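The values are calculated or read from the model by the stated rules, or taken from the named source; none is laboratory data. Keep in mind that this is a model prediction, so the values were computed, not measured. No Cβ is skipped: glycine too gets one built from the backbone with ideal geometry, and neighbour counts run over all protein chains shown.
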Amino acid sequence: MDRVERIYRLHALLDANRRYGVTLEQIKERLECSRATAVRTIRDLRDYLGAPLVWNRELRRYRYEESEGQGAWQLPGLWFGADELHALLAAERLLEQVEPGLLEPELAPLRRRIRALLERLPGGSEALAGRVRLAPVGRRAPSPEAFRTVADALARRKRLRIDYHGRASDKRTERTVSPQRLVHYRDNWYLDAWCHLQRALRTFALDRIRTARILDAPAKVLSDAALDRYFARSYGIFGGPPRHVAVLRFTPERARWVADERWHPDQEGRFLDDGSYELRIPYGDPRELVMDILKYGPDVEVLGPGELRREVAARLRAAAARYSGVP
């Protein structure tokens with residue numbers, strides 16, 4: 001019996017005994033579990049789902065405490081959080097895209113398990129799961145062969161020889177890399193790796209890897225702390241320590257949206273007296289940050305640093321020039 005089923009059984013037991021309540025022994029018997037598991041399930045029902053579950057010291061029983069003027073409390077029909085529901089639906093969609101193959105015996109039970117969880121929604125999985133749309137934007141599919149090879153090398157801690165076609169340079173190079181992490185970012189897959197050509201950490205888009213071959217040499221393995229120092233503190237997909245702080249001021253109309261957005265783990269934001277919003281973002285490589293600023297058009301102004309302000313201004317002038325003279 002899993003955690004979800006235990007919660008449902010506990011609620012059914014309490015719901016059927018609202019007047020007198022139930023003892024811990026009755027709960028253990030109904031849930032077919034230990035005392036520790038029973039107490040944990042009680043805590044889940046009360047703290048996680050907000051059930052008015054109380055302990056009567058005199059009767060030594062658990063019961064629902066009814067509030068005057070309110071109906072009997074019922075277990076919510078849908079109690080997945082936003083992140084949990086997204087994870088379940090995303091996993092289901094991803095598994096649907098996997099073609100039958102060698103992993104089918106292992107993946108089939110996982111599909112059934114996810115479907116069983118979604119069936120707990122009121123009206124079954126189609127009641128909500130069929131009405132939730134995951135809309136990936138800008139997805140670039142990597143080669144299935146390259147993806148499997150990269151993942152295999154990562155699991156076996158082996159070096160890779162890759163033929164990489166850089167998007168910005170439009171050049172193909174052969175590199176030997178030590179895979180560190182696979183990253184799924186903005187609907188695309190990337191590989192964080194130690195590049196033996198550059199002798200530094202680099203990020204490679206998996207869709208730009210034309211061929212990949214596993215080498216016999218063991219990979220150079222960096223600690224999680226070292227990887228986090230290089231990648232987690234940077235802005236977006238580009239690695240490197242943050243060397244600057246972007247200061248952005250958004251119009252009052254746009255402030256209502258931006259104030260709720262998370263651009264960077266270490267960002268700082270505040271509302272100004274005129275209703276505009278000031279956002280401070282650490283960054284190293286400005287390329288992705290510039291693109292994110294440009295999408296707000298006239299609703300944002302870069303106050304600093306000067307180099308970033310000039311770059312954004314130049315991009316805006318170039319964009320405006322393309323429309324000059326056009327009706």
Completion exercise
For segment 155-194, the count of residues that are of a type in the set (A, V, I, L, M, F, W, C), without any contact (Cβ under 8 Å) to a residue 40 or more places away in the chain and surrounded by fewer than 19 Cβ atoms within 10 Å (Cβ to Cβ) equals 3
Fill in the blank from the handout: Exception for Gly275 within (1) under 30 Å from Gln180 (Cβ atoms); (2) touching a helix residue (DSSP H, G or I) at 6+ places or on another chain (Cβ under 7 Å) falls at (1)
Problem - Ala16 being small (Gly, Ala, Ser), surrounded by fewer than 17 Cβ atoms within 10 Å (Cβ to Cβ) and within 17 Å of Leu75 (Cα to Cα) - result: yes
Practice task
Could you tell me whether Ala87 is among the aliphatic types (A, V, I, L, M) and either surrounded by fewer than 10 Cβ atoms within 10 Å (Cβ to Cβ) or at pLDDT 75 or above (or both)?
Solution key: no
Completion exercise
The lone condition Ala51 fails out of (1) under 17 Å from Glu5 (Cβ atoms); (2) assigned to a helix (DSSP H, G or I); (3) not polar (S, T, N, Q) is (2)
